[in-house]
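The values are calculated or read from the model by the stated rules, or taken from the named source; none is laboratory data. Keep in mind the model is a prediction, meaning the values are calculated, not measured. Here the Cβ positions follow ideal geometry from the backbone for every residue, glycine too, while neighbour counts run over all protein chains shown.
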Amino acid sequence: MNVPTWMVEAQGVRKNYGDLEVLKGIDLQIPPGSVTCLLGPSGSGKSTFLRCINHLEKIDGGRLTVDGQWMGYRLLGNKAYELTPRQQAHQRADIGMVFQQFNLFPHLTVLENVALAPRIVHKIAREASEIRARELLARVGLHDKTGSYPRQLSGGQQQRAAIARALACKPKLMLFDEPTSALDPELVGEVLDVMRDLASGGMTMIVVTHEMTFAREVADTIVFMEDGRVVETGPPDQIFGSAHSERTRRFLTRVL
Amino acid sequence: MDVDTAERAKADAVGPQVHIINLRHRGRSVVAIVALLLVVALGYSLLANPNINWAAIGYYFTEESILRGALMTIQLTVLAMLVGLVLGLIFAIMRMSENPVLNGIANAYIWFFRGTPQLVQLIFWFNLAFLFPRIGIGSYTVDTNTVMTPFVAALIGLSLNEGAYMAEIVRAGILGVDPGQRQAATAMGMTPTQIMLRITLPQAMRLIIPPTGNQAIAMLKVTSLVSVISARELLTSAQIIYAKNFLIIELLIVASFWYLIITTVATVGQHYLEKWFNPESGRNGRGRSAKRSRLTQISRGLKKSTAPTGKA
Ligand SMILES: Nc1ncnc2c1ncn2[C@@H]1O[C@H](COP(=O)(O)OP(=O)(O)OP(=O)(O)O)[C@@H](O)[C@H]1O
Ligand SMILES: [Mg+2]
């Protein structure tokens, strides 16, 4: 059959909020198993683009496919039919997402947070889902926190739990939106370690981050965005060493 | 607990050789004694009042029609609150829906039932027969007056009104849940219904319960309005008795006692309901152990934060 070459393929993706054009035609191709870091100044549209990938936001132009599927639409002949909310949910189920503010469910224990989606989205039996949740929590170093509630955890622990939760549905793609920006500096390392581990395991990852050391060390590709456009794309050595674009260089000297 | 530890720490810092004398709040004691005397005087003037027939109060407290009235008050309150809660949920969700028709209907419902006097609504339902002598579906109809008993009219009138208020309470509760919660659940592939039932509503409940408790207690007393359509709830039953024997104050005291008892029970119930929906003091035994672990965490945290200062 035809195996898609790209895990994510964006062609001329546009997004408006009212009169404000936030994404002005994004072209990007992300191969399976790669780590892509999205850099750019505040307001450049990084979060918006990430949310378009799993169709949390509907795009206003262009096309966006994940693993060969149009997000939010079904293609029949030369027509794209919009999916129902249920079908959209189904499409999102194997894309994991990690948020700046963790967004763990405060009314559930850490174990229930991780086991919930496999049970109610993927219809896995409670016992099996909890066994897997314990494995994942052990993997992110939280085997002794399964019965705690999110607010009893430190920020770093919460974010690791959120990563475990995103991994519970065996995603083919993981999206990270500034996963360490809300953390105290001494807690950043433990979260980056988990992500590094994930990257070396071959997970396809798109990471919006301001952690330049991490980006340089882990990313296969750096994408620099500004003002709703991709300004420059390339391997870390090239971007950090000799960026073509003046704007990229200016941004990097400011943050490094 | 934090304050205690802090105070002890302060005392330790001053050292054991200094004797600490706490401030005596003399003014506070004087005010307390005066207030207590006033309360005792008021109580005495009631208890020793020759115009109050305490024996009658004792008798009517458990008199049959009073008990039946109290029962009907409880039934009306519980049923109207339950129906009101369900209506509130439905109309709150309709009001937040993107469908303009559902939205409009919900707005109109809330506007109408909050905007007209409850008394008018009760009388209207009781007199529905003037508008529709027979009601039913298709060829199956019944005489409106046989269906619209005082109890049914009271229940409909109270529930529809309550639903309008509950809709706003539920909506506020749902809006009070962090949008990030819905976003995370959506990203995990949950359907809108799953998100509402498993993520949004359980968290909204914590915001919904306290005002709902207020509503329930208000409802308990609003039920006395149904005397105008001759439903025999607590106050009406008392009125019927004192219309005959003129023990007006005595029967009002009897009714008030019952209202207070029911309110007290309801308040205790609300307390447990709030506990149920509060994670960390949870429902499945796991909550309690989690609470304990939080305490140990806090004390561990305290030890950790005091340790370096101890060294320094
Ligand atoms: N829901 C929304 N409604 C209206 N405008 C929005 C919305 N979300 C984002 N925007 C606007 O879109 C632009 C891009 O926002 P976005 O959050 O994608 O930027 P970002 O690159 O992630 O920035 P940051 O580094 O600060 O997170 C901003 O100007 C923002 O104000
Ligand atoms: Mg952002």
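Listed values, structure above:
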{"read-out": "Residue within the stretch B:207-219 that is under 13 Å from the mean Cα position of the chain (by Cα), without any contact (Cβ under 8 Å) to a residue 24 or more places away in the chain and either within 14 Å of chain A (Cβ to nearest Cβ) or part of a helix (DSSP H, G or I) (or both) present", "value": "yes"}
{"read-out": "Where A:D19 falls short, out of the listed (1) over 18 Å from the mean Cα position of the chain (by Cα); (2) touching a residue at least 24 places away in the same chain (Cβ under 8 Å)", "value": "(2)"}
{"read-out": "Top-ranked residue in the stretch B:181-206 [being aliphatic (A, V, I, L, M) and more than 7 Å from chain A (Cβ to nearest Cβ); ranked as surrounded by the most Cβ atoms within 10 Å (Cβ to Cβ)]", "value": "B:A185"}
{"read-out": "Number of positions in the stretch B:89-135 that are in a helix (DSSP H, G or I) and in contact with a helix residue (DSSP H, G or I) (Cβ under 7 Å, 6 or more places away or on another chain)", "value": "24"}
{"read-out": "B:N22 vs. criteria in a loop (DSSP other than H, G, I, E, B) and under 29 Å from B:I248 (Cα atoms)", "value": "no"}
{"read-out": "Candidate set: the stretch A:152-179, residues that are of a type in the set (S, T, N, Q) and more than 16 Å from ligand 2 (Cβ to nearest atom); chosen: the one surrounded by the fewest Cβ atoms within 10 Å (Cβ to Cβ)", "value": "A:S154"}
{"read-out": "Condition check for B:I169: among the aliphatic types (A, V, I, L, M), more than 14 Å from chain A (Cβ to nearest Cβ) and touching a Phe, Trp or Tyr at 6+ places or on another chain (Cβ under 8 Å)", "value": "no"}
{"read-out": "Set A:L104, A:L116, A:L153: member being over 22 Å from the mean Cα position of the chain (by Cα) and facing chain B (nearest Cβ under 10 Å)", "value": "A:L153"}
{"read-out": "Test set (1) surrounded by fewer than 17 Cβ atoms within 10 Å (Cβ to Cβ); (2) closer than 20 Å to A:Q152 by Cα - A:L137 fails condition number", "value": "(1)"}
{"read-out": "Within the stretch A:182-210, tally of residues that are at pLDDT below 95, within 16 Å of ligand 1 (Cβ to nearest atom) and either closer than 12 Å to A:G96 by Cα or within 14 Å of another protein chain (Cβ to nearest Cβ) (or both)", "value": "1"}
{"read-out": "Among (1) closer than 20 Å to B:T193 by Cβ; (2) away from every other protein chain (no Cβ under 12 Å); (3) polar (S, T, N, Q) - the single one A:Q91 does not satisfy", "value": "(2)"}
{"read-out": "Wholly within the stretch A:1-120, strands (runs of 3 or more DSSP E) carrying at least 1 residues that are crowded, with 16+ Cβ neighbours inside 10 Å", "value": "A:8-17, A:20-30, A:35-39, A:61-66, A:73-76, A:95-98"}
{"read-out": "Scan of the stretch A:33-67 for residues that are away from every other protein chain (no Cβ under 14 Å) and within 13 Å of ligand 2 (Cβ to nearest atom), ordered by number", "value": "A:L38, A:L39, A:G40, A:P41, A:S42, A:G43, A:S44, A:G45, A:K46, A:F49"}
